[in-house]
1. Computed FRET efficiency, Cβ-Cβ of E49 and H14, R0 30 Å: what is it to the nearest 0.05?
2. Please report the antiparallel percentage of DSSP beta bridges with both residues in the stretch 17-140, rounded to the nearest 5.
3. Points 7 angstrom from Cα along the Cβ direction at E141 and Y94: gap in nanometres?
4. Could I have the simple spin-label model distance between V81 and E119, label points 7 Å from Cα toward Cβ, reported in nm to one decimal?
5. Compute a Gaussian network model of the chain, connecting alpha carbons closer than 10 Å, and tell me which residue from A71, A82, A102 fluctuates the most.
6. How large is the charge dipole for the stretch 1-91, taken about the Cα centre, if only the Cβ atoms of Lys, Arg (+1) and Asp, Glu (-1) carry charge, to the nearest 20 debye?
7. Where a Cα-Cα gap under 19 Å defines reach, which aspartates and glutamates qualify for K28, not counting those fewer than 8 residues away within the same chain?
8. For the stretch 1-132, what % of the accessible area comes from carbon and sulfur atoms, probe 1.4 Å?
Amino acid sequence: MGSITRFIDHHYRHFNAATLKDAARAYKAHIDSGKKMMVTLAGAMSTAELGLSLAAMIREDKVQAITCTGANLEEDVYNLVAHDYYERVPHYRYLTAADERALLERKLNRVTDTCIPEEEAMRRVESSLLGLWKSAAARGERRFPHQYFYELLCAG
């Protein structure tokens, strides 16, 4: 039994915690019986860097498919090019309108407790995306934003 399993067995005994414990056991039994697992993500969970744990699970053949919104791909691209410039705002619940304005004037786009700097994220990929948008428009093609990000990544 692994250390995480021991921790959950000891600390997650009641209510919702016990439900997590039951779900973890069911997941393990599912995988151990040779069945496949698909993870479904809603929203831009990649911003939370969920990919770090998912990548390990994929490499260990514990997740065989992922279904998610296109927002995950966009957030991954921004994280890839601008992660080192993100700014945490731990007191985000108490920001005043003036505080929000100050962030905006610094070109920081706040997502809950973290600001993504526009110049380091969007502006780094903007010219490449603009070329894709213009080409698609010239051909009369309409696509979702994440489709352009995917094309951008595939183009290297």
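The values are calculated or read from the model by the stated rules, or taken from the named source; none is laboratory data. Because the structure is predicted, anything quoted here is derived from the model rather than measured. Positions of Cβ are backbone-derived with ideal geometry, glycine not excepted, and every protein chain shown enters the neighbour counts. Areas reflect the complete protein model, heavy atoms only, side chains present, ligands, DNA and RNA absent. Shrake-Rupley method; radii C 1.70, N 1.55, O 1.52, S 1.80 Å.
1. Values: r = 30 Å, r/R0 = 1.00.
The computed FRET efficiency comes out at 0.50.
2. Numbers: 6 of 9 bridges.
About 65 percent, rounded to the nearest 5.
3. 5.0 nm
4. Those two pseudo-labels are separated by 1.5 nm.
5. A102
6. Numbers: 10 positive and 11 negative charges, 126 e Å.
That gives the stretch 1-91 a dipole magnitude of about 600 debye.
7. Straight-line reach from K28, under 19 Å: D9, E60, D61.
8. Numbers: 5160 of 9070 Å².
Using a 1.4 Å probe with all protein chains present, the stretch 1-132 comes out at 57 percent carbon and sulfur.
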